[in-house]
Amino acid sequence: MISTQDILAITLAQFPLPSEVFPPGGTLWLTLYLIGEPARYVTARPTLEANGWKNLCNHDDFSGFSYPKRKVRNDVGEVRDMLQSVIATCHDMGMEISLIDADTAFDPKKSTFRTLYKAA
């Protein structure tokens with residue numbers, strides 16, 4: 001599993017995001033693509049939810065993949081702090097992060113996105 005610091009370095013290297021899509025000082029949705037065992041997801045879910053992550057599967061619906069989202073300011077410091085916490089939680093719970101996207105909207109059908117991190 002890639003380290004928290006390596007994921008952060010790869011992700012933060014994408015900043016600043018294109019201002020015509022992601023206005024500086026505006027907001028964006030960070031979207032994680034999580035992979036893992038259902039039992040580990042059930043353990044991680046309350047912590048993710050308590051930290052403001054949305055779009056979480058119910059344990060009965062989780063089949064190994066989840067796509068939680070969190071609204072943040074388009075600020076590299078805020079993004080770094082938020083990701084550092086959630087990546088550590090995912091690692092502690094045995095969940096792999098396969099992708100991290102920045103989205104312009106919660107609904108993927110209405111969103112423009114930029115991939116910030118993709119696992120090898």
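The values are calculated or read from the model by the stated rules, or taken from the named source; none is laboratory data. Because the structure is a prediction, the values reported are computed rather than measured. All Cβ positions, even for glycine, are placed from backbone atoms using ideal geometry, and neighbour counts span all protein chains on display.
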### Summary
By residue number, the members of segment 68-100 that are over 17 Å from Leu48 (Cα atoms) and surrounded by 14 or more Cβ atoms within 10 Å (Cβ to Cβ) are Arg73, Asn74, Asp75, Val76
### Query
Tally time: how many residues in segment 59-107 are closer than 19 Å to Ile2 by Cβ, in contact with a helix residue (DSSP H, G or I) (Cβ under 7 Å, 6 or more places away or on another chain), in a strand (DSSP E or B) and at pLDDT 95 or above?
2
## Note on the structure
Scanning segment 8-36 for residues that are more than 13 Å from Leu99 (Cα to Cα) and outside any loop (DSSP other than H, G, I, E, B), the one nearest to the chain's Cα centre (by Cα) turns out to be Trp29
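So if I check each of Leu12, Leu56, which one is touching a residue at least 60 places away in the same chain (Cβ under 8 Å) and touching a helix residue (DSSP H, G or I) at 6+ places or on another chain (Cβ under 9 Å)?
Leu12
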### Query
Could you give every pair whose Cβ atoms fall below 7 Å, whose first residue belongs to segment 77-92 and is within 17 Å of Trp29 (Cβ to Cβ), and whose second residue is assigned to a helix (DSSP H, G or I) and not hydrophobic (A, V, I, L, M, F, W, C), counting only separations of at least 6 or pairs across chains?
Leu83/Thr11; Ile87/Thr4
### Message
I'd like the residue in segment 44-67 that is surrounded by fewer than 17 Cβ atoms within 10 Å (Cβ to Cβ) and among the polar types (S, T, N, Q) and, out of all such residues, is farthest from Ile10 (Cα to Cα).
### Response
Asn58
